[in-house]
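One structure below.
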Amino acid sequence: MNEILEPGMLVRNPAQPEWGLGQVQSVIDGKITVNFEECGKITLQSAHVPLEIVFDAG
């Protein structure tokens, strides 16, 4: 699923729900940088962390 992520998309990390809602900042060479509400910018390995796309943040 991570291969369809693009900057600006909203996501959650189901393994770390306390991080809150995140916005994808960049997707480069299998690395995804996401700015999460509760912990700031995190860079994740796409192959190891399946993120969930959030279609309705409200």
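Tell me which strands (runs of 3 or more DSSP E) are completely within the chain and hold 1 or more residues being surrounded by 14 or more Cβ atoms within 10 Å (Cβ to Cβ) and charged (D, E, K, R), or say none if there are none.
Where strands (runs of 3 or more DSSP E) fall fully within the chain and carry at least 1 residues being surrounded by 14 or more Cβ atoms within 10 Å (Cβ to Cβ) and charged (D, E, K, R), they are 10-12.
Take the residues in the stretch 22-58 that are among the acidic types (D, E) and free of Cβ contacts under 8 Å to residues at least 24 places away in the same chain, then tell me which one is farthest from R12 (Cα to Cα).
Restricting to residues being among the acidic types (D, E) and free of Cβ contacts under 8 Å to residues at least 24 places away in the same chain, the top hit is D29.
We did not get these values from a lab; they are worked out from the coordinates using the rules stated. Quantities reported herein were computed from a predicted structural model and do not represent experimental measurements. Using ideal geometry, Cβ is built from the backbone for each residue, glycine included, and neighbour counts are taken over all protein chains shown.
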